[in-house]
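The values are calculated or read from the model by the stated rules, or taken from the named source; none is laboratory data. Just so it is clear, the structure is predicted and the values come from calculations on it, not from any experiment. Methodologically, a virtual Cβ is constructed for each residue, glycine included, from the backbone with ideal geometry; neighbour enumeration extends over all protein chains shown. In case anyone asks, the SASA skips ligands and DNA or RNA and just uses the protein heavy atoms, side chains included. Shrake-Rupley method; radii C 1.70, N 1.55, O 1.52, S 1.80 Å.
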Amino acid sequence: MTSAHASVGPVPRVAGLLLTPGAGADREHRTLLAVEHAVAPLPVRRVDFPYRTAGRRLPDRAPVAVAHVCAEAEAFAEELGVGTDRLVLGGRSYGGRMCSMAVAEGLPAAGLVLLSYPLHPPGKPGTLRVAHLPEVHVPVLAVSGEHDPFGTPEELALHLGTLGGPLTTVLVPGGHQPDGDAAVAAAVRDWLTTLG
């Protein structure tokens, strides 16, 4: 007598991607849409921050934004039937920074995608936004324009080098908003395949 057993393959590590916009944009930003399209059929949730949904212009302070990232990640993970440790979190500029702060403060994640990470305000290289980075212990993809006034390639290498987890950096043509979204989206898609 023989019995048939269904073949069960390995469970993919990444179950979904949570994306957040920069301070001056919303969840419909073209780069976020391009990334969502590129990584299909991976589930993607693009979210706005509370200030945006309330119609305000000034971004939320970090504690509010970080709490929002945590709540959205937990809700997305619950929808997918997984823990947040199976989600990759990230976004553009302010959004990516808030996600990195959430992970540094203990939110479990499979990885971080930092698009145009704002190391410092333009023209103020001494005003760094990097103190939390050594507390990030997950794989990180950083995609930035070669001429981004929020952080030069050299500054990125120096400061993102303090991350507590493995770092992949991809430089693309352009500034804080790269010249085209295709290269950014492809970088995210290709990096996600390395996470399993």
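Taken along its principal axes, the alpha carbon cloud of the stretch 50-103 reaches lengths of 34, 20, 17 Å, longest axis first. Once both axes come from the Cα atoms, what is the angle between helix 62-80 and the longest principal axis of the chain, in degrees from 0 to 90, rounded to 10? For 62-80 against the chain, the angle is about 20 degrees. For the chain, a crude dipole built from +1 on the beta carbon of Lys and Arg and -1 on the beta carbon of Asp and Glu, taken about the Cα centre, is about 260 debye to the nearest 20. Axis of helix 94-104 versus longest Cα principal axis of the chain: the two differ by about 60°, to the nearest ten degrees.
Using Cα springs under 10 Å in a Gaussian network model of the chain, which residue among 160, 80, 89 shows the largest mean-square fluctuation? Comparing 160, 80, 89 in a Gaussian network model of the chain, the most mobile one is 80. Taking a point 7 Å out from the Cα of residue 85 in the direction of its Cβ, the residues of the stretch 104-143 whose backbone N falls within less than 19 Å of it are 104-113, 135-140.
Among 95, 151, 83, the largest mean-square fluctuation in a Gaussian network model of the chain (Cα springs under 10 Å) belongs to 83. What does a probe at residue 158 reach in the stretch 131-151, counting residues whose amide N is under 13 Å from the point 7 Å along Cα→Cβ? Under 13 Å, as judged by backbone N against the label point of residue 158, lie 151 of the stretch 131-151. Relative to the longest principal axis of the Cα atoms of the chain, the long axis of helix 181-193 lies at roughly 40 degrees.
Average accessible surface for the chain: 47 Å² per residue, computed with a 1.4 Å probe over protein heavy atoms with every protein chain in place. Each principal axis of the Cα cloud of the chain was evaluated for its coordinate range; sorted largest first, these ranges are 75, 35, 30 Å.
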